[in-house]
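Down below is the structure, laid out as structure tokens.
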Amino acid sequence: MTIKKVLIVDDSKTELMFLTDLLQKNGFQVRTAENADEAFKRLTEDKPDLILMDVVMPGQNGFQLTRSINRTPEYTEIPIILCTSKNLETDRVWGMRQGARDYITKPVDAAELFAKIKALG
């Protein structure tokens, strides 16, 4: 699967701008959402090839949203990379148990992010 369209879910405008800029400069189409409701709206509008998901967000957190997306049949095949400041091994393990395909900590290292995206493609 070639990854072209990426949905970034993060409540930080700074993080959204940084990741959007980084991905667009590398040829990806990017859509953003700042919470779970927006994320599901974006999913129905235009299904992405990949979701970059923050964990710490108001309302439904990234772990819960990852689980919800993975339990929705039409979205189960969309890979999710958790992108978070939570860097404990227990957080990574829990995230993977919720259905995330990979985990990257902030501040995001561009080379590491692109290596993880490439590994999925």
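Every read-out reported here was derived from the displayed coordinates using simple, explicitly stated rules and does not represent laboratory data. Since this is a predicted model, take the numbers as computed values, not measurements. Neighbour counts are summed over all protein chains in view; Cβ atoms, including those assigned to glycine, are modelled from backbone coordinates with ideal geometry.
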> So which aspartates and glutamates pass the test for Lys86, namely a Cα distance under 19 Å, with those fewer than 8 places away in the same chain ruled out?
Replying inline: Asp10, Asp11, Glu15, Glu34, Asp54, Asp102, Asp109, Glu112
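Size of the dipole of region 5-120 about the Cα centre, Lys and Arg at +1 and Asp and Glu at -1 on the beta carbon, nothing else charged, in debye to 20? Mind showing how you got there, number by number?
Details: 16 positive and 18 negative charges, 48 e Å.
Using Cβ point charges on Lys, Arg, Asp and Glu, region 5-120 gives about 240 debye.
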>> Under 17 Å between alpha carbons, and skipping anything fewer than 8 positions from Lys41 in its own chain: which lysines qualify?
In response: Lys5
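Could you order peptides 48-59, 11-22 by the average number of other Cβ atoms within 10 Å of their residues, highest first? Walk me through the numbers before you get to the answer.
Numbers: 48-59: 21.0, 11-22: 15.5.
Per-residue mean Cβ counts within 10 Å order the peptides as 48-59, 11-22.
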> Which whole-number percent is the relative contact order of the chain (Cα, under 8 Å, 6+ apart)?
Replying inline: 23
